[in-house]
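Structure first, then comments.
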Amino acid sequence: MKKKLIQHTKAHFEKVFQESPEHIFLSPGRINIIGEHIDYNDGFVMPAAINKYLCFAISKNTDATVTLIAQDLNEAYKFDLNDNLKPVDKMWVNYILGVLHQLKSKGLSTGCNIVFSSTIPMGAGLSSSAALECGVAYAMNKLFDLGLTKKDIALIGQQSEHTFVGVNCGIMDQFASVFGKKNKVIKLDCNSLEFEYYNADFKKYALLLLDSNVKHTHLTSGYNDRRQEVEQGLSIVKHYHPEVETFRDCNEKMITDLREQLGETIFKRCLFVVKEIQRVQDAAMALKISDFKKLGQLMTETHQGLSEDYEVSCAEIDFLVDAVQQEKSVLGARMMGGGFGGCSINLVEKGIEKELIDKITMAYRNQFGIELKAYKVKIAKGTTTYKTT
Ligand code: GLA
């Protein structure tokens, strides 16, 4: 599938520009085992890059013109790097403009031609947007020797989303896309950005994604509202506990004792955050000692919290998670990513996937009239140069 994507992107570049691209880059999507909505709450997360990619075919220009071609959307956008770069009304362009805007201040002055195409489904919670931002930053860094570190690239991607797209996201997606390693899960401390790789060895179990096919964009989903709510919550907690700096310094009792002061909604948001921070620590230990039953339980608990307390799930995803609860072959399931649609991630016994997918597909179709999609993903390497001539 990767080869096909590369050939297809390269062929399109050749057709449009009448020459071979000088460079090919691959930038992956991500999954997240556990640690949801806590990257912007000073928590820990456990994502990994997957074998679904955005492929970029690129050649340098001699002047400052940039031509972007989104092959899958059949759209193009051309501009000059010397222009005053501002958000435009094409969303996919903004992810890239936001990156280039920052790179101009880091020495980028020459343009390029870019064709990109993807096997990461859009709006499915697999971070195609982070793959786009980080892929462009990574490519420009290689092409023009900008001296950026991988961490710089992830932060530039995140900043682009904040400033040009308008989603106040955390760092998890960009970090996973850039730092991903084959067969490794990243345990990332979102406060210090220190990280550790854990073996993604699930023995007789596998990760299965069920895509609700409910598309979402975090510009309108409620994502930014959640950020505001927890910020407000944290400032109330700090008022009563001046020693607290982040949610990491809080425990459940502190939050429960402040229930009245926080108000019911913000109380629920804060409670989820504090519990989820602890769950990731427990999950990391469970993965280390191959206690998959425990890991599965923690994933399911995360879902309950996301659905009832953080309220970022939706009826379709709740249905997909509920539907596997009775299955002995499924150890745990939860919504993954920002929520409001997208995929559930399931820890399932290897070999039963097809049977399970058929069963859930039928039930889901009967309930919502929507076709389910399923992905058996492999954990792969982060953003990389595939070929340079
Ligand atoms: C989106 C954001 C991430 C993270 C997740 C939820 O994917 O981009 O930063 O907050 O939602 O865990």
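The values are calculated or read from the model by the stated rules, or taken from the named source; none is laboratory data. Just so you know, these numbers come straight off a predicted model, no measurement behind them. Backbone-built Cβ (ideal geometry, glycine too); neighbour counts: all protein chains shown. Only protein heavy atoms, including side chains, enter the accessible area calculation; ligands, DNA and RNA are left aside. Shrake-Rupley method; radii C 1.70, N 1.55, O 1.52, S 1.80 Å.
General observations
- Loop-located trypsin sites (Lys or Arg not before Pro) across segment 276-369 with a Cβ neighbour count of 12 or fewer within 10 Å are Lys328, with loop assigned by DSSP.
- C-alpha long axis of helix 150-160 to longest principal axis of the chain, angle in °: 90
- Overall, the accessible surface of segment 43-188 at a probe of 1.4 angstrom is composed of carbon and sulfur to the extent of 45 percent.
- Across the cross-link table entries Lys15/Lys52; Lys288/Lys354; Lys4/Lys52, which are compared at the Cα atoms, the separations over 22 Å belong to Lys15/Lys52; Lys288/Lys354.
- Coil-residue GluC sites (Glu not before Pro) of segment 3-56, DSSP, other Cβ within 10 Å capped at 14: Glu19
- On Cα atoms only, tilt of 2-17 relative to the major axis of the chain in degrees: 40
- For the peptides 173-185, 226-238, the ranking by packing is 173-185, 226-238, with the highest mean count of neighbouring Cβ atoms within 10 Å listed first.
- Here the 3J(HN,Hα) profile of segment 49-57, calculated from phi with Karplus coefficients 6.51, -1.76 and 1.60 at θ = phi - 60°, is 6, 10, 7, 10, 10, 9, 10, 10, 10 Hz, Gly and Pro shown as x.
- In segment 98-232 the Cα-Cα distances spread across 10 Å bins starting at 0 as 10, 35, 37, 16, 2, 0 percent of all pairs.
- A Förster distance of 22 Å, applied to the separation of the beta-carbon atoms of Tyr197 and Asp291, puts the FRET efficiency at 0.70.
- Whole-Hz Karplus values for segment 257-272 come out as 5, 9, 3, 5, 5, 6, x, 4, 5, 5, 4, 5, 4, 5, 4, 4 Hz, taken residue by residue from phi with 6.51 cos²θ - 1.76 cosθ + 1.60 and θ = phi - 60°; glycine and proline positions read x.
- Dimensionless Rg ratio for segment 205-377, taking C-alpha atoms and the 2.2 N^0.38 Å reference: 1.12
- Check: the chain dipole with +1 on Lys, Arg Cβ and -1 on Asp, Glu Cβ, in debye: 1600
- GNM top mover of Leu146, Leu73, Leu81 - the chain, alpha-carbon springs below 10 Å: Leu73
- Overall, the ratio between the Cα radius of gyration of the chain and 2.2 N^0.38 Å, rounded to two decimals, is 0.99.
- GNM result for the chain, Cα springs below 10 Å: residue of Tyr364, Tyr375, Tyr77 fluctuating most strongly: Tyr77
- Among Asn366, Asn251, Asn32, the largest mean-square fluctuation in a Gaussian network model of the chain, built with springs joining Cα atoms closer than 10 Å, belongs to Asn366.
- Long-range amide H partners of Gly43 with built H, under 5 Å: Cys190
- Rounded to the nearest 500, the helix-only mean residue ellipticity at 222 nm of the chain stands at -13000 deg cm²/dmol, with each DSSP H run of n ≥ 4 adding -39,500 (n - 2.57).
- Of the cross-linked pairs Lys60/Lys387; Lys90/Lys150; Lys215/Lys328; Lys182/Lys376; Lys350/Lys373, those separated by over 22 Å at the C-alpha level are Lys90/Lys150; Lys215/Lys328.
- Of the GluC sites (Glu not before Pro) found in segment 285-389, those in coil by DSSP whose Cβ has at most 11 other Cβ atoms within 10 Å are Glu371.
- The chain: angle of helix 292-304 to the longest principal axis, Cα-based, in degrees nearest 10: 90
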